[in-house]
Every structure is written in structure tokens, then in C-alpha cells.
Amino acid sequence: MDRKQRINVKVCGLTGVEEAIECAALGANAIGCVFFPKSPRHLSEIQAKEISMALPSKVKTVGVFVNESFSNIMHKVEFCRLNAVQLHGRESPDLVSRLQKENLIVIKALFTEGKPTIEEAENYEASAFLVECGKGVLPGGNAIEWDWKKVKSFGCKYPLILAGGLAPENVFHAVSVSMPDAVDVSSGVESGPGQKDLGKVKSFLKAVSMYKIEKNFRKIF
């Protein structure tokens with residue numbers, strides 16, 4: 001095992017440049033920008049571009065999309081200088097394959113209690129799968145804790161990003177029972193929608209770093 005490799009952390013739903021820079025400085029591997037108008041963390045293309053350009057090259061900028069077309073996604077990828085895309089709706093396997101050919105990290109969201117299900121993973125040529133329960137009104141974790149150990153076997157077969165209900169107080173337990181390659185956090189480190197509490201971000205990253213089990217974690221970001 002490469003002992004320098006640890007579980008990757010994506011901090012999602014950033015709306016401000018300074019917060020994104022601070023999260024990267026604290027150790028986040030990726031910063032998520034949400035392009036979904038119904039989300040309270042939705043941001044403009046200009047905001048996303050400013051964030052992307054301000055981050056160090058080792059930190060990936062991930063655009064989060066819900067049921068968008070290939071052309072709309074690629075427009076934002078190019079304008080905002082995104083390194084990765086996260087598809088959080090019912091996107092087709094064909095769309096995932098087309099985006100993979102664009103030299104992008106392509107993450108497909110799957111759900112334990114929604115569609116598409118984790119059993120459908122074999123249909124997608126994704127770089128990694130983000131898995132959460134799928135409850136709630138909006139696409140995303142909706143700050144709902146769930147039985148994270150359900151995806152431990154899934155992560156043995158596929159690159160796994162764990163999401164949904166994660167916070168500084170529970171992330172050590174969550175990764176202990178699921179053994180993911182990466183974790184994704186948003187509302188669990190916020191003082192308000194889109195407003196990250198840097199103290200919580202620091203505590204979250206510290207909790208993740210305490211997980212020392214010997215596993216060959218896949219580098220996703």
C-alpha cells in the first residue's frame with residue numbers, strides 16, 4: 001500500500017473563491033460546483049470559473065449536473081475549466097461514455113434507495129461512482145444519514161465515493177464501515193447553504209485522515 005495515499009475528500013457546493021481556496025489549503029482534493037438551478041448551492045458560470053482558476057492544479061474542480069445534455073455540460077467544462085463532471089440524475093450510459101472520451105474524470109451518482117441503483121453500475125463506463133441513499137426532495141444527500149456499510153462490497157468492485165449525511169462527527173464511522181476511496185461532503189460542513197464553516201471542514205478532514213486501515217485506495221481526484 002502507498003502510505004501517502006489516503007481517502008480522497010471532495011468538498012461540494014462551494015460558491016465563493018476564498019472559501020474554495022481555504023478548503024484546498026486545508027487538504028481537500030476536489031471542489032464541487034453545483035450547476036442545478038433548484039439547489040441552494042447553485043452558482044453561475046462566472047463564479048465557477050473564478051473558483052477553478054484560483055485553485056492549485058493538484059485540486060480538481062468538479063461540475064455537478066442533473067440531467068443536462070452533452071453540449072450544455074461541455075460548454076461549462078470548457079468555459080469554467082472543469083477537470084471532472086458529476087452526473088447526479090438519470091443520465092444515460094451513452095452520455096457517460098461520451099464524456100469519458102473528453103479526457104474528464106466522470107463520476108456517476110447511484111443510489112441505494114433510488115434510481116439509478118447500485119446494481120446498474122455495470123452499465124456505466126464511469127471513472128468512479130458516488131453512492132448515497134437517494135432520499136429527500138432534491139438530488140443529493142439532503143443531509144440524511146443512512147446505512148453506509150451497505151456499499152462496502154460495492155467498493156471492492158468499483159471506485160467508490162461515499163456521500164450523504166456525512167459530517168465531522170460521523171465520517172470516521174462512515175468510512176470504517178464502508179471503506180470508500182473518497183468521501184463527498186457539503187451541508188455537513190456548512191453554516192448555511194453554500195457557506196462553508198472552515199472549522200468544520202478542518203475537523204472533517206482530520207477525522208478522515210485518522211482512518212488508517214491498510215487498503216489500496218484508488219486515487220479518484
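Restricting attention to the stretch 76-128, report how many residues are of a type in the set (Val, Ile, Thr) and part of a helix (DSSP H, G or I).
Counting residues in the stretch 76-128 that are of a type in the set (Val, Ile, Thr) and part of a helix (DSSP H, G or I) gives 3.
Determine which member of the set LEU205, LEU166, LEU162 is touching a Ser or Thr at 6+ places or on another chain (Cβ under 6 Å), of a type outside the set (Asp, Glu) and crowded, with 19+ Cβ neighbours inside 10 Å.
Checking each option against the conditions leaves just LEU162.
Among SER57, SER39, which is the only one that is modelled with pLDDT under 95, more than 27 Å from LYS219 (Cα to Cα) and of a type in the set (Gly, Ala, Ser)?
SER39
For the stretch 58-75: of the residues being of a type in the set (A, V, I, L, M) and part of a helix (DSSP H, G or I), which is surrounded by the fewest Cβ atoms within 10 Å (Cβ to Cβ)?
Among them, the one singled out is MET74.
Is it true that ILE31 is under 21 Å from SER191 (Cβ atoms), surrounded by 18 or more Cβ atoms within 10 Å (Cβ to Cβ) and within 14 Å of the chain's Cα centre (by Cα)?
So ILE31 passes the test.
Identify all residues within the stretch 169-202 that are of a type in the set (Gly, Ala, Ser), surrounded by 15 or more Cβ atoms within 10 Å (Cβ to Cβ) and within 25 Å of GLU18 (Cα to Cα); write none if there are none.
ALA182, SER186, SER187, GLY188, GLY194
Just a yes or no: is a residue in the stretch 96-103 among the acidic types (Asp, Glu), over 21 Å from GLU145 (Cα atoms) and in contact with a strand residue (DSSP E or B) (Cβ under 8 Å, 6 or more places away or on another chain)?
The answer is no; no qualifying residue exists.
If you go through the stretch 177-185 one residue at a time, do you hit one that is more than 18 Å from ILE31 (Cβ to Cβ), small (Gly, Ala, Ser) and part of a loop (DSSP other than H, G, I, E, B)?
No, the stretch 177-185 has no match at all.
Given GLU45, GLU125, GLU18, which one is surrounded by fewer than 19 Cβ atoms within 10 Å (Cβ to Cβ) and closer than 30 Å to SER153 by Cα?
On inspection, the qualifying residue turns out to be GLU125.
Mind checking whether some residue in the stretch 19-26 is assigned to a loop (DSSP other than H, G, I, E, B) and either out of contact with any helix residue (DSSP H, G or I) (no Cβ under 8 Å at 6 or more places or on another chain) or not basic (Lys, Arg) (or both)?
No, that holds for no residue.
List pairs: first in the stretch 100-121 and within 14 Å of ASN67 (Cβ to Cβ), second assigned to a strand (DSSP E or B), Cβ under 6 Å, 6+ apart or cross-chain?
Hits for this filter: LYS108/LEU87; LYS108/PHE129; ALA109/LEU130; PRO116/LEU110.
Restrict the check to the stretch 180-194 and report whether at least one residue is at pLDDT below 95 and over 25 Å from VAL34 (Cα atoms).
So far as the stretch 180-194 goes, no, none of its residues is at pLDDT below 95 and over 25 Å from VAL34 (Cα atoms).
The values are calculated or read from the model by the stated rules, or taken from the named source; none is laboratory data. Treat the numbers as computed from the prediction; the structure is a model and nothing was measured. Virtual Cβ from ideal backbone geometry, glycine too; neighbours counted across all protein chains shown.
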